[in-house]
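A.B. asks: Let me give you the structure first, and then I'll get to my questions.
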Amino acid sequence: MAGYSYIRVRWQHGHADEPVDLWSELDAARLETRKLEIFRDGRIGYASADEEYGGTRLGEGAVPSIGDIASDTQFEPQEVSKAEFENLWDKRRG
């Protein structure tokens, strides 16, 4: 998909009910089109325009830049390839 980018954000925290690994597919306006949330216990929540599972929902606004996300030390963002995202997306239903 032209104009799409993919990011992974590791979230360092101690909240058992919050994900620790966030993966997002972003359109040209940096709006989430698909998202995966991985929890410490291995659960995976996901969302797209067509489906939501495990309490995961798409964000309502544009996702900040990698630099802006990284300015908060609890987050470790990185760009990932489409193939890496698709590989995880294909496995989301276990």
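Values quoted throughout were computed directly from the atomic coordinates according to the rules given, and no laboratory measurement underlies them. Keep in mind the model is a prediction, meaning the values are calculated, not measured. We place every Cβ from the backbone using ideal geometry, glycine too, and count neighbours over all the protein chains shown.
A.B. asks: What ³J(HN,Hα) values, in whole Hz, does the Karplus curve 6.51 cos²θ - 1.76 cosθ + 1.60 give for region 75-90 when θ = phi - 60°, with x put for Gly and Pro?
C.D. replies: For region 75-90, the Karplus-derived couplings read 10, 10, x, 7, 7, 10, 7, 4, 4, 5, 5, 4, 4, 5, 4, 5 Hz, x marking Gly and Pro.
A.B. asks: Name the shape class, rounded, prolate or oblate, that the alpha-carbon gyration tensor gives for region 5-90, where a ≥ b ≥ c are the square roots of its eigenvalues, rounded holds for a/c under 1.5, and otherwise prolate holds if a/b is larger than b/c and oblate otherwise. If you can, show how the numbers build up before the last one.
C.D. replies: Numbers: a/c = 1.43, a/b = 1.02, b/c = 1.40.
Since a/c stays below 1.5, the shape of region 5-90 is classed as rounded.
A.B. asks: Quick one: if you stick a label point 7 Å off each Cα along the C-beta vector at GLU52 and GLU79, how many nm between them?
C.D. replies: Simple spin-label model gives 3.1 nm for this pair.
A.B. asks: Fewest to most neighbouring Cβ within 10 Å: what's the order for ARG8, ARG93? Don't skip to the end; give the middle numbers.
C.D. replies: On the way: ARG8 18, ARG93 8.
Going from sparsest to densest Cβ surroundings: ARG93, ARG8.
A.B. asks: Placing +1 at every Lys and Arg Cβ and -1 at every Asp and Glu Cβ, with all other atoms neutral, what dipole size does the chain have around its Cα centre, in debye to the nearest 20?
C.D. replies: Values: 12 positive and 19 negative charges, 44 e Å.
The calculated dipole for the chain is roughly 220 debye.
A.B. asks: Relative contact order of region 5-90: what whole-number percent is it, with Cα pairs under 8 angstrom and at least 6 residues apart?
C.D. replies: Details: 161 pairs, mean separation 25.9, N = 86.
RCO, region 5-90: 30 percent.
A.B. asks: In whole Å, what is the distance between the alpha-carbon centres of region 13-30 and region 31-70?
C.D. replies: The distance from the Cα centre of region 13-30 to that of region 31-70 comes to 5 Å.
A.B. asks: Still on this model: Using DSSP to define loop residues, name the chymotrypsin sites (Phe, Trp or Tyr not before Pro) in the chain whose beta-carbon has at most 13 other beta-carbon atoms within 10 Å. Before the final figure, lay out the partial values.
C.D. replies: Working: sites: TYR4, TYR6, TRP11, TRP23, PHE39, TYR46, TYR53, PHE75, PHE85, TRP89; in loops: TYR4, PHE39.
Loop-located and lightly packed - TYR4.
A.B. asks: Taking the number of other C-beta atoms within 10 Å as the exposure measure, put THR56, THR33 in order starting with the fewest. Present the calculation step by step, with values, prior to reporting the outcome.
C.D. replies: Details: THR56 18, THR33 14.
Listing THR56, THR33 from fewest to most nearby Cβ atoms yields THR33, THR56.
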